[in-house]
Amino acid sequence: MSQSYRGSCLCGAIRFEADSFRPRNGHCHCSMCRKFHGAAYATFVEIARDQFRWICGSELLRAYVADNGTTRRFCSNCGSSLTFAAANTDDSVVEIALACFDDTVPVTPDAHIFLAYGADWARPQDNLPKYAEGREGEAFAAWPPEDDTRKPR
Ligand SMILES: [Zn+2]
Ligand SMILES: [Zn+2]
């Protein structure tokens, strides 16, 4: 029997289930993810679309589409942050807030991304690779990098 992993929003009206996870799940420090979560960063885990199901409450999902075309969906009853989708994404992957899982999930976050937009009070101290923007850029071992020439914000 295969295992599935369940999660829900804060009020419990929206429930979902995943069968497996893709390896990519970074902590995103961008200002939009920070504000969407009300936290230092957001951690979204990628799930193949056919491995993910809304169990109930999906009619309560509302979407916020940002100026850059990214879409974030949340529970209209309790405000829980639930999904992220890039502007150019196809429908083959769901990105969902790792924090909303109720079950223990076999997922280990693998990077910090968009740290150039991160909060100064929440600089990561762990050993994960650290990117100023997306993963296509250079990975730093520490943030801010020692030879950082960016202007202080
Ligand atoms: Zn809710
Ligand atoms: Zn982000």
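The values are calculated or read from the model by the stated rules, or taken from the named source; none is laboratory data. Note that the coordinates shown come from a computational prediction; the quantities given were computed from them, not determined experimentally. We place every Cβ from the backbone using ideal geometry, glycine too, and count neighbours over all the protein chains shown. In case anyone asks, the SASA skips ligands and DNA or RNA and just uses the protein heavy atoms, side chains included. Shrake-Rupley method; radii C 1.70, N 1.55, O 1.52, S 1.80 Å.
Out of region 24-81, which residues are part of a loop (DSSP other than H, G, I, E, B) and under 15 Å from His112 (Cβ atoms)?
So in region 24-81, the residues part of a loop (DSSP other than H, G, I, E, B) come out as 24-26, 29-30, 38-41, 57, 66-70, 76-80.
Correct list: Arg24, Asn25, Gly26, His29, Cys30, Ala39, Ala40, Tyr41.
Just one of the numbered conditions (1) farther than 26 Å from Trp143 by Cα; (2) within 14 Å of ligand 2 (Cβ to nearest atom); (3) modelled with pLDDT of 95 or more is not true of Met32; which one?
(1)
When you scan region 12-29, do you find a residue that is within 16 Å of ligand 2 (Cβ to nearest atom), open to solvent by 70 Å² or more (accessible area, probe 1.4 Å) and of a type outside the set (Phe, Trp, Tyr), even just one?
We begin by selecting, within region 12-29, every residue within 16 Å of ligand 2 (Cβ to nearest atom); these are 24-29.
If we keep only those that are open to solvent by 70 Å² or more (accessible area, probe 1.4 Å) as well, we get 24.
With of a type outside the set (Phe, Trp, Tyr) added as a condition, the list becomes 24.
Yes: one or more hits.
Please verify whether region 20-31 includes one or more residues that are farther than 16 Å from Gly134 by Cα, within 16 Å of ligand 1 (Cβ to nearest atom) and among the aromatic types (Phe, Trp, Tyr).
Looking for residues that are farther than 16 Å from Gly134 by Cα, within 16 Å of ligand 1 (Cβ to nearest atom) and among the aromatic types (Phe, Trp, Tyr), one finds none in region 20-31, hence no.
Name the single residue that is nearest to ligand 2 (Cβ to nearest atom) among those in region 114-128 being in a loop (DSSP other than H, G, I, E, B) and open to solvent by 50 Å² or more (accessible area, probe 1.4 Å). It would help to see each step written out before you state the result.
Of region 114-128, the ones in a loop (DSSP other than H, G, I, E, B) are 114, 118-128.
Checking which are open to solvent by 50 Å² or more (accessible area, probe 1.4 Å) leaves us with 114, 120-121, 123, 125-127.
Details: Phe114: 5, Asp120: 17, Trp121: 17, Arg123: 16, Gln125: 20, Asp126: 18, Asn127: 21 Å.
Per the criteria, the residue is Phe114.
Can you work out which of the residues in region 70-94 that are within 13 Å of ligand 2 (Cβ to nearest atom), over 15 Å from Arg53 (Cβ atoms) and not basic (Lys, Arg) is nearest to the chain's Cα centre (by Cα)? Show your work before the answer.
From region 70-94, those within 13 Å of ligand 2 (Cβ to nearest atom) are 70-72, 81, 83-87; that's our starting set.
Keeping just the survivors that are over 15 Å from Arg53 (Cβ atoms) gives 70-72, 81, 84-87.
This time we only want the ones that are not basic (Lys, Arg), so: 70-71, 81, 84-87.
Numbers: Thr70: 12, Thr71: 12, Ser81: 9, Phe84: 7, Ala85: 10, Ala86: 11, Ala87: 15 Å.
Here the residue is Phe84.
Evaluate the following for Phe74: is it open to solvent by 50 Å² or more (accessible area, probe 1.4 Å), within 30 Å of Arg123 (Cβ to Cβ) and within 15 Å of ligand 1 (Cβ to nearest atom)?
Numbers: open to solvent by 50 Å² or more (accessible area, probe 1.4 Å): yes; within 30 Å of Arg123 (Cβ to Cβ): yes; within 15 Å of ligand 1 (Cβ to nearest atom): yes.
Yes; evaluated as a whole, the condition is true for this residue.
Taking Thr149 as the residue in question, decide whether it is hydroxyl-bearing (Ser, Thr, Tyr) and either at positive phi or at pLDDT 95 or above (or both).
Working: hydroxyl-bearing (Ser, Thr, Tyr): yes; either at positive phi or at pLDDT 95 or above (or both): no.
Considered against the rule, which asks whether it is hydroxyl-bearing (Ser, Thr, Tyr) and either at positive phi or at pLDDT 95 or above (or both), Thr149 comes out as no.
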